[in-house]
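Read through the structure below, which is laid out as structure tokens, and then see the notes.
All of the numbers you see were taken from the coordinates with simple rules; none came from a lab. Every value quoted in this text rests on a predicted model; they were computed, and no experiment measured them. Heads up, the Cβs are rebuilt from the backbone with ideal geometry, glycines too, and the neighbour counts pull from every protein chain shown.
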Amino acid sequence: MLKTFSIGGVHPPENKISAGSQIVVLPLPKQVSIPIAQHIGAPANAVVTKGDKVKVGQLIAQSNGFVSANIHSSVSGTVASIDPVMDSTGYKRPAITITVEGDEWDETIDRSTDLKEECNLTAEEIIAKVGQAGIVGMGGATFPSQVKLSVPKGKKAEVLIINGVECEPYLTSDHRVMLEKGHELMIGIQILKKALRVDTALIGIENNKPDAISHLSQVATKYSGIEVHALKVQYPQGGEKQLIKALINREVPSGALPIEVGAVVHNVGTAVAVYEAVQKSKPLFERVVTVTGKHLATPSNFLVRIGTPISEVIAAAGGVPENTGKIVNGGPMMGKALSSIDSPVTKGTSGLIAFPAEEAKRKVAQACVRCGKCVSVCPMGLEPYLLNRLSQKKMFERMEHEHVLDCIECGSCSFECPANLPLLDYIRLGKAEVGKIVRARKA
Amino acid sequence: MNKLLAVSPSPHVHSGESVNKLMFNVVLALLPALAVSIYYFGLGAFVVTAIAVVSCLAFEFLIQKYLLKVTPSISDGSALVTGLLLAFNLPSNLPWWIIVIGALVAIGIGKMSFGGLGNNPFNPALVGRVFLLISFPVQMTSWPLPIESRAHYMDALTGATPLALVKEGLKGGQTMSAISEHIPNNMQLLMGSMGGSLGEIAAIALLIGFAWLLFKKVITWHIPVSIFVTIFAFTGILWLIDPAHNADPFFHLLTGGVMLGAIFMATDYVTSPMNPKGMWIFGIGIGALTVIIRVWGAYPEGVSFAILIMNAFVPLINTLVKPKRFGEEVKKNG
């Protein structure tokens with residue numbers, strides 16, 4: 001029996017169309033727009049002005065607080081403007097637009113592809129380097145990584161968990177990274193272990209990626225304290241709490257962080273970014289993006305500079321198919337639908353999916369027949385049908401009592417609902433209101 | 001590209017499951033039992049089923065269109081299922097006008113008066129059935145006997161159900177060994193060769209339907225199994241204490257409406273609890289009430305009443321019994 005989490009879960013069609021496509025470096029765009037808010041936490045402060053010349057890897061916006069992240073230029077050229085542009089959330093927010101001139105990298109970056117295994121830095125120095133490099137969670141959550149590495153006083157990390165689950169349908173960027181950057185990943189994991197002062201790292205990979213499992217199992221034998229675990233395919237296994245449950249059978253209590261049970265979770269892409277930052281002095285300014293869709297000419301995995309217009313990434317995969325009705329940034333279960341493909345790729349852009357028109361619109365909602373399927377698939381053991389109703393009736397205190405704040409917004413309830421009810425829409429609205437109430441109470 | 005893109009919150013994919021598909025699978029699961037019924041009771045079984053289904057669909061349509069003035073939703077299949085289940089709970093020689101009244105009560109009072117699909121606290125088909133049982137006790141308990149009268153609808157030879165025979169016999173001071181000469185053996189009961197409501201007789205056909213519902217993930221096993229286990233354990237204990245005056249547990253499982261009720265009526269989505277823990281409480285309640293009514297009550301059979309009584313507890317069960325929350329049991333050492 002393969003390991004998995006115990007409560008709820010669904011198995012949407014996997015559609016990993018681009019799994020066999022090697023990572024290709026996307027040609028440089030003519031212009032990039034780099035938002036200063038592309039991570040969870042406070043937006044960064046721009047430290048360049050219009051007309052400044054910048055190099056690849058140069059700091060252009062400074063982290064602004066404990067939960068924030070540095071932002072570096074992904075290209076060399078001239079700062080054209082610092083104005084609001086529409087980002088992938090659909091809002092216009094400040095971004096640093098740079099006109100590309102050549103490809104001149106900051107001298108401190110080691111551009112060689114040689115593996116650098118040795119790392120003599122202390123834990124504090126590693127965490128500082130990760131922070132300087134502006135690394136955030138690459139799975140899509142974009143939480144600043146140095147914050148997760150700074151274990152709070154009184155808590156102790158026991159195990160590092162590396163998330164190679166990629167449970168979202170369609171997405172293959174983590175899969176390709178595991179296949180093509182296995183050694184970098186392992187060294188990155190060793191560095192993360194050192195920063196956290198733990199001896200063991202567990203890599204969790206779903207069983208629909210047997211090539212990645214066997215490859216990494218083989219590579220891992222050269223490194224101490226790294227185990228590769230195959231997991232049963234079940235969404236949302238890539239959720240932190242679900243992955244911890246699956247791998248070490250511990251449940252993170254309601255409202256608590258993984259460190260409460262001694263675990264710290266990082267994505268495979270993040271571990272590779274840590275390797276590059278610590279060993280090669282390369283800040284986070286590019287990432288692997290899956291571009292896919294059933295009607296796309298060449299579903300691909302590209303290495304893309306942050307700030308590249310999404311339209312150019314899709315164009316490189318054959319352009320937007322004729323009958324496209326919706327383009328999603330991220331996975332189909334949790335990603336955001338784009339209102340415009342002119343918005344830029346950010347640190348959290350794991351994939352771009354073009355859905356044909358017939359799959360773009362929701363079906364008409366019918367009456368709830370109280371089948372209880374939403375309850376049985378909820379990975380947090382909540383009752384979506386009830387939360388949906390309470391939210392519509394604005395009964396927020398009851399919602400809090402029914403643990404709405406535990407909802408991870410995975411979408412399993414809406415996915416499964418035979419009446420096509422937009423359960424998560426209402427739960428999200430109610431959860432936001434409950435969050436406000438709870439914050440006001442604490443203040 | 002100048003086209004407008006659709007924008008909606010996640011998730012952007014759907015399982016493809018629909019209410020129609022679920023109802024369609026329930027109908028499929030009921031077909032083996034209908035086939036057995038037509039085999040044993042002939043034309044009557046078919047006529048009663050057809051009348052019940054057509055009147056349920058018609059009443060739902062008419063009430064939605066002319067009384068509630070909403071778009072009729074008979075295509076969702078729920079009225080079809082109600083009609084089938086109502087018919088399955090009726091004798092196969094019931095006069096047509098009684099069936100129509102049953103359908104009106106089931107759909108009109110049991111379902112639509114509460115706001116239609118998803119809002120009714122009681123199983124509509126059982127509301128209709130129990131209304132008829134109380135209003136027309138003679139017609140509702142004149143059970144045609146199997147095989148004798150395949151080509152007839154009204155003039156079938158009638159007799160009592162095995163449960164009624166046992167109840168009468170025990171009341172008359174007979175022992176089980178004397179009564180058992182007049183009732184079918186357990187193998188015959190399994191195959192459905194007995195008098196009874198047209199859809200309840202063939203345990204084996206209903207169990208095939210159960211397997212289909214589980215395979216298609218229409219229902220979970222919790223409610224039927226908890227009912228079976230409770231009835232088996234409860235009647236088993238009584239039988240072990242006094243085998244001369246109590247029927248054996250297999251007899252109780254295979255007669256009357258246990259199979260039909262547990263698999264198809266108690267599992268009705270709208271009127272059953274929402275999580276496994278609640279389903280167990282619900283099922284144990286139905287099993288216990290069924291045995292109590294059968295052994296100590298005035299009626300020989302109690303499944304319908306037991307389900308309706310437990311239906312009333314469902315909102316309470318849903319409020320008090322919550323699913324296992326993630327992080328509830330915190331294990332420190334995995």
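Using a simple spin-label model with points 7 Å from Cα along the Cα→Cβ vector, what separation in nm is obtained for A:E124 and B:A312?
7.2
Cα centroid distance between the stretch A:1-67 and the stretch A:249-271, in Å?
Their Cα centres are 21 Å away from one another.
If you take the square roots of the eigenvalues of the alpha-carbon gyration tensor of the stretch A:1-85 and sort them as a ≥ b ≥ c, do you get rounded (a/c under 1.5), prolate (a/b over b/c) or oblate? Mind dumping the intermediate values first?
On the way: a/c = 3.25, a/b = 1.74, b/c = 1.86.
Oblate, since a/c reaches 1.5 and b/c is not below a/b.
Cut-off is 10 Å between beta-carbons; in what order do B:T319, A:T270 appear when sorted fewest neighbours first? Let's see the in-between values first.
Working: B:T319 10, A:T270 26.
Lowest to highest Cβ neighbour count: B:T319, A:T270.
Mind checking which helices in chain B clear 30 Å along their axis (Cα) and have mean Kyte-Doolittle hydropathy of -1.0 or more, DSSP H runs only? Present the calculation step by step, with values, prior to reporting the outcome.
Values: long enough: B:19-41 (32 Å, 1.62).
For chain B, where a helix must reach 30 Å along its axis and average at least -1.0, the hits are B:19-41.
Can you give the three extents of the C-alpha atoms in the stretch B:19-139 along their principal axes, from longest to shortest, in whole Å?
Result for the stretch B:19-139: principal-axis Cα extents of 41, 33, 22 Å.
As an exercise, identify the trypsin sites (Lys or Arg not before Pro) in the stretch A:23-54 lying in DSSP coil whose Cβ has no more than 16 other Cβ atoms within 10 Å.
On the way: sites: A:K30, A:K50, A:K53; in loops: A:K30, A:K50.
Of the trypsin sites (Lys or Arg not before Pro), the ones in loops of the stretch A:23-54 whose Cβ has at most 16 other Cβ atoms within 10 Å are A:K30, A:K50.
Return a whole-number percent for the relative contact order of the stretch B:19-139, with Cα pairs under 8 Å and 6 or more residues apart as the contact set.
Working: 149 pairs, mean separation 31.4, N = 121.
Reported relative contact order: 26 percent.
Under the rule of at least 5 residues apart or a separate chain, name every residue whose amide H is placed under 5 Å from the amide H of A:E286.
Counting only residues 5 or more places away or on other chains, the set is A:I306.
For chain B, what class follows from the C-alpha gyration tensor (a ≥ b ≥ c being the square roots of its eigenvalues): rounded when a/c is under 1.5, otherwise prolate if a/b is larger than b/c, else oblate?
On the way: a/c = 2.04, a/b = 1.31, b/c = 1.56.
Oblate, since a/c reaches 1.5 and b/c is not below a/b.
With a 4.7 Å Cβ cut-off, tell me which Cys residues in chain A come up empty for a partner.
Flagged as lacking a Cys partner: A:C119, A:C167, A:C368, A:C371, A:C378, A:C407, A:C410, A:C417.
How far is it, in nm, from the label point at B:K216 to the one at B:V70 when both lie 7 Å from their Cα along the line to the Cβ?
2.4
I need B:M274, A:M178 ordered by Cβ neighbour count within 10 Å, fewest first.
Details: B:M274 24, A:M178 27.
Ascending Cβ contact count within 10 Å gives the list B:M274, A:M178.
Using helices alone, I'd like the mean residue ellipticity at 222 nm for chain A: each DSSP H run of four-plus residues gives -39500 (n - 2.57), total over residue count, nearest 500. Numbers along the way, then the final one.
Working: 14 runs with 127 residues, N = 443.
Value at 222 nm, helices only: -8000 deg cm²/dmol.
Please get the size of the charge dipole for the protein assembly as shown, origin at its Cα centre, with Cβ charges of +1 on Lys and Arg and -1 on Asp and Glu, quoted in debye to the nearest 20. Don't jump to the answer; show the numbers that get you there.
Working: 67 positive and 58 negative charges, 278 e Å.
Charge dipole of the protein assembly as shown: 1340 debye, to the nearest 20.
When Cβ neighbours within 10 Å are restricted to other protein chains, what is their mean count per residue of peptide B:18-25? Present the calculation step by step, with values, prior to reporting the outcome.
On the way: counts 6, 9, 2, 1, 5, 2, 0, 0.
Other-chain Cβ atoms within 10 Å of each residue's Cβ, averaged: 3.
Could you give the size of the charge dipole of the stretch B:161-320 about its Cα centre, using +1 on the Cβ of each K and R and -1 on the Cβ of each D and E, expressed in debye and rounded to the nearest 20?
Values: 6 positive and 7 negative charges, 80 e Å.
I would put it at about 380 debye.
Using only the Cα atoms of chain A, build the gyration tensor, take square roots of its eigenvalues as a ≥ b ≥ c, and label the shape rounded, prolate or oblate: rounded if a/c is under 1.5, else prolate if a/b is larger than b/c, else oblate. Intermediate values should be presented prior to the final figure.
On the way: a/c = 1.42, a/b = 1.22, b/c = 1.17.
Cα axes put chain A in the rounded bin.
What residues qualify as long-range amide H neighbours of A:V24, i.e. H under 5 Å apart, gap of 5 or more or another chain, H built at 1.01 Å from N?
A:N301, A:F302, A:L303
Charges only on Cβ, +1 for Lys and Arg, -1 for Asp and Glu: so what's the dipole of the stretch A:123-280 about the Cα centre, in debye to the nearest 20?
Values: 17 positive and 16 negative charges, 72 e Å.
Magnitude of the dipole: close to 340 debye.
Give me the distance between the Cα centres of the stretch B:1-57 and the stretch B:203-230, rounded to whole Å.
Using only Cα atoms to place each centre, the spacing works out to 17 Å.
How high is the FRET efficiency from A:S217 to B:L320, r the C-beta distance, R0 41 Å, rounded to 0.05? List each step's numbers first, then the result.
Values: r = 48 Å, r/R0 = 1.17.
Rounded to the nearest 0.05, the efficiency is 0.30.
Output the pairs from A:K156/A:K442; A:K209/A:K232; A:K194/A:K222; A:K155/A:K245; A:K363/A:K436 with a Cα-Cα distance over 21 Å in this structure; if there are none, say none.
Values: A:K156/A:K442 27 Å; A:K209/A:K232 11 Å; A:K194/A:K222 17 Å; A:K155/A:K245 19 Å; A:K363/A:K436 32 Å.
Pairs exceeding the cut-off: A:K156/A:K442; A:K363/A:K436.
Go ahead and set up a Gaussian network model of chain A, Cα springs under 10 Å, then flag whichever of A:K92, A:K232, A:K129 fluctuates most.
Result: A:K92 has the largest fluctuation of those listed.
Tell me which residues come under 5 Å, amide H to amide H, from A:G238 once H is placed; ignore anything under 5 positions away on its chain.
Long-range HN contacts for A:G238: A:C167.
When Cβ neighbours within 10 Å are restricted to other protein chains, what is their mean count per residue of peptide A:250-262? Walk me through the intermediate numbers first.
Details: counts 6, 9, 3, 5, 5, 1, 2, 0, 0, 0, 2, 5, 1.
Counting other chains' Cβ atoms within 10 Å and averaging over A:250-262 gives 3.
Taking θ = phi - 60°, what integer Hz values does the Karplus form 6.51 cos²θ - 1.76 cosθ + 1.60 yield along the stretch A:200-205, in sequence order, with x for Gly and Pro?
Going residue by residue, I get 10, 10, 10, 9, x, 10 Hz, with x marking Gly and Pro.
Quick one: compute the contact order of chain A, relative version, from alpha carbon pairs under 8 angstrom and 6+ residues apart, as a percent. Provide the component values of the computation, followed by the final result.
Values: 1025 pairs, mean separation 85.1, N = 443.
Value for chain A: 19 percent.
Could you sort the peptides B:79-88, A:294-303, A:179-188 by per-residue average Cβ neighbour count (10 Å cutoff), highest mean leading? Don't jump to the answer; show the numbers that get you there.
Numbers: B:79-88: 27.7, A:294-303: 19.1, A:179-188: 21.0.
Highest-to-lowest ranking by the protection proxy: B:79-88, A:179-188, A:294-303.
Taking neighbour Cβ counts within 10 Å as the exposure measure, how do A:R197, A:R428 sort from fewest upward?
Details: A:R197 11, A:R428 19.
Listed from fewest to most nearby Cβ atoms, that is A:R197, A:R428.
How long are the semi-axes of the equivalent ellipsoid of the stretch A:373-442, defined as square roots of 5 times the Cα gyration tensor eigenvalues? Whole Å, largest first. Kindly include the intermediate steps, with their values, before the conclusion.
Values: eigenvalues 85, 26, 17 Å².
One finds semi-axes of 21, 11, 9 Å for the stretch A:373-442.
Quick one: give the max-minus-min coordinate of the C-alpha atoms of the protein assembly as shown along each principal axis, largest first, in Å.
Rounded to whole Å, the extents work out to 103, 56, 51 Å.
Apply the Karplus curve 6.51 cos²θ - 1.76 cosθ + 1.60, θ = phi - 60°, to the phi angles in the stretch A:293-305 and return the couplings in whole Hz, x for Gly and Pro.
Per-residue couplings from phi come out as x, 5, 10, 5, 4, 9, x, 9, 10, 10, 8, 10, 6 Hz.
Please compute the average number of Cβ atoms from other chains found within 10 Å of each residue's Cβ in peptide A:318-324. Kindly include the intermediate steps, with their values, before the conclusion.
Values: counts 0, 1, 3, 1, 2, 1, 4.
Rounded to a whole number, the mean comes out at 2.
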